[in-house]
Amino acid sequence: IYLKNPKNIEKQKFEFQKIYDQEYIYSWADMNSSLFSALKVERNVMFIILSLIIIVAAFNIISGLTILVKNKTKDIAILKSIGVLNKSIVKIFFLIGVIIGTSATIFGIFLGVTFSLYVENLRQFLSSTFNISLFPEEIYFLSKMPSEINLNSILIISICSVFITILVSIFPALKAAKLDPIKALKYE
């Protein structure tokens, strides 16, 4: 039986199983279950890899802001000695971290979407330029590189990325605010 919408195959299979209760009903999804389980594993592994990339980027933001605080110790001490509140110094360094993370997220989304849109063109260009067959049809059973842009995934990933950026920006900002101006200016 061919259905108009193959995505609702499990619901239709259940309906046919109720009608033909003495027969075994199997669908194309059942026949290709190993492929679907491999795709699920791939999706989970990709989520783990992307999470690790975001964590590494978060540590880069922490280290970059910590180095910035160390380099700006004299400036922070001068600001504190003229009466700038700790709250304002926290805001400055927190805002720097958020700007870095948000701009990196926006740039990453732009780069990822652009790559997804033109991945087949890039594959053809590399294949023709270097005279090699990238992802041959005989092995991968694909006539072209598949690419899907899922707006929900992009939204979730960008929100998580900005949220992690906000979290990791707090520590260096608080460290900058706790600086003692007397110790920082002692050797100046």
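Things to note:
- Per-residue [θ]222 nm for the chain (sum of -39500 (n - 2.57) over DSSP H runs n ≥ 4, rounded to 500): -25000 deg cm²/dmol
- The range 51-188, dipole about Cα centre (Lys/Arg Cβ +1, Asp/Glu Cβ -1), debye to the nearest 20: 1060 debye
- S116 sits with roughly 40 Å² accessible to a 1.4 Å probe, with DNA, RNA and ligands left out of the calculation.
- Hits among aspartates and glutamates - C-alpha to C-alpha of K7 under 20 Å, sequence gap 8 or more where chains match: E15, D30, E42, E148
- Protein-only accessible surface order, largest first, of L79, L111 at 1.4 Å: L111, L79
- The calculated FRET efficiency for L3 paired with E42, based on their beta-carbon distance and R0 = 35 Å, is about 0.85.
- D by Stokes-Einstein for the range 1-48, Kirkwood Rh over Cα pairs, 25 °C, 0.890 mPa s: 199 µm²/s.
- Each 10 Å bin from zero holds the following percent of Cα-Cα pairs in the range 95-188: 13, 26, 20, 18, 11, 7, 4, 0.
The values are calculated or read from the model by the stated rules, or taken from the named source; none is laboratory data. Quantities reported herein were computed from a predicted structural model and do not represent experimental measurements. Cβ: placed from backbone, ideal geometry, glycine included. Neighbour counts: every protein chain shown. Calculation scope for accessible area: heavy atoms of the full protein, side chains included, ligands and nucleic acids excluded. Shrake-Rupley method; radii C 1.70, N 1.55, O 1.52, S 1.80 Å.
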